[in-house]
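One structure is given below, encoded as structure tokens.
Laboratory data are not the source of any read-out in this text; all were calculated from the coordinates shown. The model shown is predicted, which means the values in this text are computed figures rather than measured ones. Because the Cβ atoms are built from the backbone with ideal geometry, glycine has one as well, and the counts that use them run over all protein chains shown.
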Amino acid sequence: MKIVNVETVRADVIRLLAAAGLRADLAGDMSHIMVESDLMGHRTHGLAMLPTYLERLGKDLIRKDGDITVVRETASTLNWQAHRLPGAAIVRRALRSLYDKAEREPVVTASVANCSHIGSLQAYLEEPARRGYLCLMMVTDPGVASVAPFGGRDPVLTSNPIAAAIPTQGDPILIDQCTSLVSNAQVQSADRSRPLPGRWVVDNEGRPTDDPNALTADPPGTIMPLGGEDFGYKGFGFGIMVEAFALALSGHGRLTPKQRGAQGVFLQLIDPAAFCGAEAFLAETTDFVRRCKASRPAEGAKGIRLPGERAMSEKRRQLQGGLEITDELFERLVALASARGIDAFADVRLSA
């Protein structure tokens, strides 16, 4: 494990993206979200995505410059066509626009079509929560189908994540979970020589299995909806919600030409001050956290951990001690930088 200064990493990632031709401000947003993901412990969606992003930039699958098209906009809503611009930059720009609208409207909503991969949803949530907003977020890629409807065997939707930020008087509650039993990345990164921890997937005959190779069969199997064999209809229902909110509402859905890496995003901010009042709202959410923490641990459990709690702890720890990068990923990033004539990630310590 390597430990790298956080700001050094941010700057070096920007340099790498800029060398690939990405506009400077877009590179800054991508770097911020990748590093934020790693700080929060979401390793599969942080710097591990950088080689993929560089490859996509090289193939013009991520647009390097240009601007969004404003399809429709009102005092409380916006609908953008992003033309495959970097997802991190588009979502952060949408948040800034919603903050402006929220000064005048209590509920503001963004619907974005056709931006590139946005990364970890949780990496966006702390900021609006610290500003006092309830935040709801959904995203999916209409070019990917890896989850069958509950009771089916053919893929129709994908992991379809849904996320929410809930302010409290302390750290916010940050919910980020896919509506499938596990994410695509979790199965793809599994050891193909060993069974999965559970029957997470369905083979191409519609049979639940713990064999990760079922997903690469011909025809491929699918990932279970959240709830698994018995209650997968619940996850399927939430997955349909994401299809409607992130794709159909944005105008960028599964009827558009199939091309992986172009996502639809739904983003909404709610100001509690316009409803019960900010103080009453925060009192309730903070008391909810207290009651959860006061709940007696179940047998064998270590205690109650609320959504986002581990992410906030990891972020504080790494901001103080340095960002942790596996040796394998570190060497890969150094090689990518070297190939572009960039001396990157020099401020490094070895993990104790």
| field | Protection-proxy order for peptides 195-206, 76-87, each taking the mean of Cβ atoms within 10 Å per residue, highest first | value | 76-87, 195-206
| Taking Cα centroids, how far is region 183-237 from region 263-326 in Å? | 29 Å
| Comparing 314, 127, 73, which has the greatest mean-square fluctuation in the GNM of the chain with Cα pairs linked when under 10 Å apart? | 73
| field | Helix-only mean residue ellipticity at 222 nm for the chain, each DSSP H run of n ≥ 4 adding -39500 (n - 2.57), per residue, nearest 500 | value | -11500 deg cm²/dmol
| task | Under 18 Å Cα to Cα from residue 302, which lysines show up? Leave out anything in the same chain fewer than 8 places away. | result | 293
| task | Run through all the Cα pairs of region 182-223 and give the fraction in each 5 Å bin from 0, expressed as whole percent. | result | 6, 28, 39, 23, 4
| note | Computed ³J(HN,Hα) along region 117-131: with the Karplus parameters 6.51/-1.76/1.60, θ = phi - 60°, integer Hz and x for glycine or proline, the list is 3, 9, x, 6, 5, 4, 5, 9, 7, 4, 4, x, 5, 5, 7
| said: If each residue of separation counts as 0.36 nm, what is the full-extension length gain between residue 67 and residue 293 once their alpha-carbon separation is subtracted? | reply: 76.8 nm
| Once phi is turned into ³J(HN,Hα) by the Karplus curve 6.51 cos²θ - 1.76 cosθ + 1.60 with θ = phi - 60°, what whole-Hz value does each residue of region 201-214 show in order, with x for glycine and proline? | 10, 10, 6, 6, 9, x, 9, x, 8, 9, 8, x, 6, 4
| task | Pull up all non-local amide H partners of residue 196: gap of 5 or more, or a different chain, and H-to-H distance under 5 Å with H placed in the peptide plane. | result | 211
| field | Extension reserve of the residue 335-residue 233 stretch, reckoned as 0.36 nm per residue once the Cα distance is removed | value | 32.2 nm
| request: Sequence neighbours fewer than 8 away in the same chain don't count; with that in mind, list the lysines whose C-alpha is under 22 Å from residue 258. | output: 59, 64
| remark: Note: the chain, point scatterers on Cα, Debye, no solvent; log10 I/I(0) at q = 0.13, 0.14, 0.15 Å⁻¹ equals -1.15, -1.32, -1.47
| task | Using Cα centres only, tell me the gap between region 106-151 and region 1-44 in whole Å. | result | 20 Å
| task | Can you tell me the FRET efficiency between residue 131 and residue 191 if r is taken as the Cβ-Cβ distance and R0 is 45 Å, rounded to the nearest 0.05? | result | 0.60
